[in-house]
Amino acid sequence: MSFTYKKKVISPAELRQAYPLSDEDIKVKADRDEEIKRILRGDSDKFLVIIGPCSADNEDSVLDYTHRLARVQEEVKDKLLIIPRVYTNKPRTTGEGYKGLLHQPDPEQQPSISEGLKAMRRLHVRVLKETGLSAADEMLYPENSSYLMDLLSYVAVGARSVEDQQHRLVISGMDCAAGMKNPTSGDFTVMLNSITAAQAEHNFLYRTYEVQTSGNPYAHAILRGAVNKHGQSIPNYHYEDLTLLYNMYQERELKNPAVIIDANHANSNKDYSQQPRIVSEIMYNRSINSDLNKFVRGVMIESYIEAGSQSTHDHVYGKSITDPCLGWEESEKLIHAIADKVK
């Protein structure tokens, strides 16, 4: 029962120097950041589509996928802003299984955090440089955020992390939009408390420093469904859930009221094929209620090149080795269907 200190890893400053951004990259990201914030403020009628693999498990296939997204983004640019999911950390409920690119740059080799940090940043840099799409990642480990802070346009805090104080406080110091998921219990109050904390100023310990944050006004809600005491999924994307959350938002003095709906996870009972149906209902609910039309600012979709999932050793190109995902053809149709319903 002890820690073994294996090796000192590269610092965030050293990693940024090894994989830098050009002035053009910085401007592209800044422009996208501002457009996302305009959507969350309600200054833009565009709709956010945060879409991509459950986990970014392979550099080549993730880049292939994001190049495809970049083409579709050009086709729907008047209606949608697409944010690719490039999730380099994978939460594991039991601690078992593939933990993401940060842990294992090669899923079939032994873990190497030192190499994983390089692989993580290299992939995000390549996505931005090659496609012009700045990405989303999950904040699984708050202390790692400084390795990617200059690259991300969107950060998600997961259902099992959203109650953690360190996650909330670190989000309060980030410049990009941040989605706070409802906890697995489904408690909206917990999620709203996390948003309240993330939007406020804080003083705390971070990576051996005492730091002061200014608050993140673009912290907002993500509904991902819940799990009851029997382990059964409870969706929370229905009209009644959205109106309840909208009213709860109105009771608090929170900046930029907004919610993103995760169409997978407990909302789909982990059935990835249900995502188009769920998104269709979300878009319908927006269309019949002007308050919800302004409040529901986007959807989150798990999608890859090939539908479904596989084991680590199957080697099907572009197929998830973690949670099953929607395939590319259906994903492309779904993006266009969303665009058609944005007024």
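The values are calculated or read from the model by the stated rules, or taken from the named source; none is laboratory data. In this text the structure is predicted, and so the values were computed from the model without any measurement. We place every Cβ from the backbone using ideal geometry, glycine too, and count neighbours over all the protein chains shown.
Checking each residue in segment 192-210 for being surrounded by 15 or more Cβ atoms within 10 Å (Cβ to Cβ), in contact with a strand residue (DSSP E or B) (Cβ under 8 Å, 6 or more places away or on another chain) and of a type outside the set (Ser, Thr, Tyr) picks out 192, 195, 198, 199, 202, 204. Taking the conditions exactly as written (within 30 Å of residue 338 (Cα to Cα) and within 19 Å of the chain's Cα centre (by Cα)), does residue 76 satisfy them or not? Against the criterion (within 30 Å of residue 338 (Cα to Cα) and within 19 Å of the chain's Cα centre (by Cα)), residue 76 does not qualify. Taking helices (runs of 4 or more DSSP H) as the structural unit, those lying wholly within segment 1-76 and holding at least 2 residues that are within 30 Å of residue 316 (Cα to Cα) and aliphatic (A, V, I, L, M) correspond to 59-75.
Within segment 216-245, residues that are of a type in the set (Asp, Glu) sit with their Cβ atoms under 9 Å from residues that are part of a helix (DSSP H, G or I), at 6+ positions apart or across chains, in these pairs: 241/188. Consider residue 170 carefully, then state whether it is at pLDDT 95 or above, more than 22 Å from residue 256 (Cβ to Cβ), crowded, with 24+ Cβ neighbours inside 10 Å and within 18 Å of the chain's Cα centre (by Cα). Against the criterion (at pLDDT 95 or above, more than 22 Å from residue 256 (Cβ to Cβ), crowded, with 24+ Cβ neighbours inside 10 Å and within 18 Å of the chain's Cα centre (by Cα)), residue 170 does not qualify.
Taking segment 240-264, which residues are surrounded by 15 or more Cβ atoms within 10 Å (Cβ to Cβ) and not in a loop (DSSP other than H, G, I, E, B)? Of everything in segment 240-264, those that are surrounded by 15 or more Cβ atoms within 10 Å (Cβ to Cβ) and not in a loop (DSSP other than H, G, I, E, B) turn out to be 241, 242, 243, 245, 246, 248, 249, 259, 260, 261, 262. Of the candidates 157, 190, the single residue that is under 17 Å from the mean Cα position of the chain (by Cα) and either at negative phi or at pLDDT 95 or above (or both) is 157. Among the numbered conditions (1) touching a helix residue (DSSP H, G or I) at 6+ places or on another chain (Cβ under 6 Å); (2) in a loop (DSSP other than H, G, I, E, B); (3) surrounded by fewer than 24 Cβ atoms within 10 Å (Cβ to Cβ); (4) in contact (Cβ under 8 Å) with a residue 24 or more places away in the chain, the only one that residue 103 does not meet is (4). Counting only residues that are more than 27 Å from residue 129 (Cα to Cα) and either crowded, with 24+ Cβ neighbours inside 10 Å or aromatic (Phe, Trp, Tyr) (or both), segment 149-166 holds 2 of them.
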